[in-house]
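Note sheet for the following structure.
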Amino acid sequence: MARPGAYSFLRRPAILRGSVGLIVVILLGLATLPVVERYFLDRAGVQGEATLRIAVEGLDATLARFEPLPKLLAERPSLVSLLKDPTNQGILPFVNEQLRLTALSLGVSDVYLMDVGGTTISASSYRKERSFVGRNFNFRPYFVQAVEGGLGQYFAMGTTSGERGYFFAAPVIDNTRIIGVVAIKFDVRSFEEAWSGGASDIVVTDLSDIIFMSNREEWHFRTLIPLRGEVFNLIAETRQYPLDRLIPLDVKRSSIGGSVELISIDGEDFVLSSQTLPDVGWRVMHLTPTGPARAQALFVLSLAVLLMLLTALTATVIMQRRNRTRERIEEQTRANEVLEQRVAKRTSDLNAANAQLQLEVTERAATEERLRSTQKELIQAGKLAALGQMSAALSHEINQPLTAVKSYADNAATFLDRNRVSDARENVTRISKMADRMAALSGHLRNFARRPQDTVRPVDLRLVLDDAIELMGTRLRAANAKVNYTPPTDPIWVNGGRLRLQQVFVNLLSNAIDAMDRIDAPQIDIELETVSDKRLRVIVSDRGGGISDEIIGQLFDPFFTTKEPGHGLGLGLSISFNIIEDFGGRLSAAPRKDGGAQFIVELERANVAEDGTGLAAE
Ligand code: ADP
């Protein structure tokens, strides 16, 4: 895992990249804004076109509906009659009422009849306070057109009512003579009411670019361009519009490319769609405020930018996660490889060590084998040496009884000659005992000389000790040495070989006698001690010179001896040590507390049935 410091340092380029990305995306958004704006303005224009078409169709249809009406009205005979006799009170009320009903049924604001001088003689508004009756309209172009035989139509603000309206007029003809003009006026407010309520505005201008219809009342009679003088004069002449309201609006037109045309009126921006009504020379303009389209463009673009940022952020997070995971896996793989290498090295080291160990084990086994065979040979050699010693001892031992036997025998013969039979029997008995003793000695000697079998079997330690003491009897006596030993009453079974064990104790006793050769009353203690259920020890101690610290480590080495040349081979303890080891025991030496030395023979107890099965037969 990276340290926090290192981590933030590593991440700094990522933050820089992120910031640059953010700026790029925002700049891109700003650069794209006009295009998106144009798209939405274009769409607003297209929608405006549709609304405009409906408005134009409505206007067109209304104009087409009203256009032929004056001509039809002019054919009414009552009108001709009234025009011929304008003061005829028999007809006038009738015509007035007729015109009122006609206006009602047609849905127009006024229907009126003028004489050729332009004075209204009958009107639908005859009952109203501001009635047309008596008013003269000869200044109005529609009157002029109609009185000249044509069909007049005209838009103007009513001089009587003050209301804007569209006028249609037709001549009333008596035979071939024009005797008057009948006109209808319809109110345009109903259109404006239909146009208002939406977000967009509709404006209708005449040929002089004067707004005469719009759902925005404040724009009525305002001009899109400043009026020329003659136009102004003509309007004044025909009293078409109130002159004081003909003020130009602050209008600027622009284009943002494509079919989109923009118009700014008094600081308000609109998308402009317009269409001309060729018959009347009007221009119908549909104005959609640009604000919503621009806001929409900004919103959509902001959304797109946000989405892009979000996508970039998500992608960055995913990429960083992926990178981190990859790094972690790589790190793990590296660590694994290092570990594997280490394991492989250790394994090879171990293998080498194993091989070395194996070699050493083999060598050791071979050495051990060599040692064992050497030991066996040494044991044999030791035994032979002991045999040599014993032979000397035996010859001395046997000579004495032999001399005694001879003298007993001689005496026995003398006793028999003198007829002292009981004395002679006593001598013979003594001779027999001597013979037994010598037979025992020769038996020991024979057993000792025989190479023992290598088997380990239960041996009664009591017998071993008895034999050893007996074998050493002559030397003990010669040295005047006493053996302090109380044989146990029950057999003590240990694992071993009777003769080999006997050889060990003979050796220990022999050494003890040697160690005490300058002592007047030498004593040897033999004690038995329990170590555990499975083991026991025999301690052979003397009161001799003891064992110094310098030699205690070498006692059991082969050929280590402190004795005079010709007196010791230095093999006894070494052979004994190995014999005891063979039996699973231990031979050790220690100084005795009150002076002298003690040798401890530790042995394994043997499992033997009560009846003594398994007795050593070596
Ligand atoms: P050897 O008796 O032929 O010298 P051993 O192996 O039996 O060979 O004894 C080795 C040596 O151990 C002896 O020379 C002697 O110095 C020492 N040693 C053995 N037993 C005793 C003992 N009881 N007291 C003192 N020294 C002893």
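Neighbours of R135, meaning other residues whose beta-carbon lies under 14 angstrom from its beta-carbon, give a summed charge of +2 when Lys and Arg score +1 and Asp and Glu score -1. What's log10 of I(q)/I(0) for the stretch 483-531 at q = 0.32 Å⁻¹, Debye sum over Cα points only, no solvent? These q points yield log10 I(q)/I(0) values of -1.25. Here the chain exposes an accessible surface that is 55 percent carbon and sulfur, computed with a 1.4 Å probe and the other protein chains kept in place. Each DSSP beta bridge with both residues in the chain is either parallel or antiparallel, and the antiparallel ones are about 95%. Computed over the stretch 215-324, relative contact order equals 14 percent, with contacts defined as Cα pairs under 8 Å that lie 6+ residues apart. Note on the stretch 26-74: Rg/Rh from C-alpha atoms, Kirkwood Rh, equals 1.51. Using bins of 5 Å that start at zero, the share of Cα-Cα pairs per bin across the stretch 229-320 amounts to 3, 10, 11, 12, 13, 12, 8, 7, 6, 5, 4, 3, 2, 2, 1, 1, 0, in whole %.
With contacts taken as Cα pairs under 8 Å at a separation of at least 6 residues, the chain carries a relative contact order of 9 percent. Tell me the accessible surface of R228 in square angstrom (1.4 angstrom probe, heavy atoms of protein chains only), to the nearest ten. Approximately 150 Å² of R228 is accessible to the 1.4 Å probe. Counting every alpha-carbon pair across the stretch 516-600, the share separated by more than 19 Å comes to 45%. For the stretch 1-149, the per residue solvent-accessible surface stands at 58 Å², with DNA, RNA and ligands left out and a 1.4 Å probe. The calculated pair-distance distribution of the chain uses every alpha carbon pair, bins of 10 angstrom beginning at 0, and gives 3, 10, 12, 9, 6, 4, 3, 3, 3, 3, 3, 3, 3, 4, 5, 6, 6, 5, 3, 2, 1, 1, 0, 0 percent. The 3J(HN,Hα) values that the Karplus relation (6.51, -1.76, 1.60; θ = phi - 60°) gives for the stretch 176-184 are, in residue order, 10, 9, 7, 10, x, 9, 10, 10, 10 Hz. Gly and Pro appear as x. Evaluate the Debye formula for the stretch 167-244 with equal point scatterers sitting on the alpha carbons, no solvent, and hand back log10 of I(q)/I(0) at q = 0.18 Å⁻¹, in q order, two decimals. Each listed q corresponds, in turn, to -0.86. Once every DSSP H run of n ≥ 4 in the chain is given -39500 (n - 2.57) and the sum is divided by its residues, what mean residue ellipticity at 222 nm do you get, rounded to the nearest 500 deg cm²/dmol? After summing the helix terms and dividing by the residues of the chain, the value is -18500 deg cm²/dmol. Residue ranking by accessible heavy-atom surface, 1.4 Å probe, largest first, among M114, M319 comes out as M319, M114.
With the convex hull constructed from alpha-carbon coordinates only, the stretch 74-142 shows a mean projected area of 4.7 nm² over all directions. Solvent-accessible area of D269, all protein chains in place: 70 Å² (probe radius 1.4 Å, heavy atoms, ligands and nucleic acids excluded). Accessible area of I173 (1.4 Å probe, protein heavy atoms only, ligands and nucleic acids ignored): about 80 Å². Ligands, DNA and RNA are left out, and with a 1.4 angstrom probe the accessible area of the stretch 224-372 is 71 Å² per residue.
The values are calculated or read from the model by the stated rules, or taken from the named source; none is laboratory data. Quick caveat: nothing in here was measured; it's all calculated off a predicted structure. FYI the Cβ positions are ideal-geometry reconstructions off the backbone, even for glycines, and counts take in every protein chain you see. The protein model used for the area step is the full one, side chains on, heavy atoms only, and it has no ligands, DNA or RNA in it. Shrake-Rupley method; radii C 1.70, N 1.55, O 1.52, S 1.80 Å.
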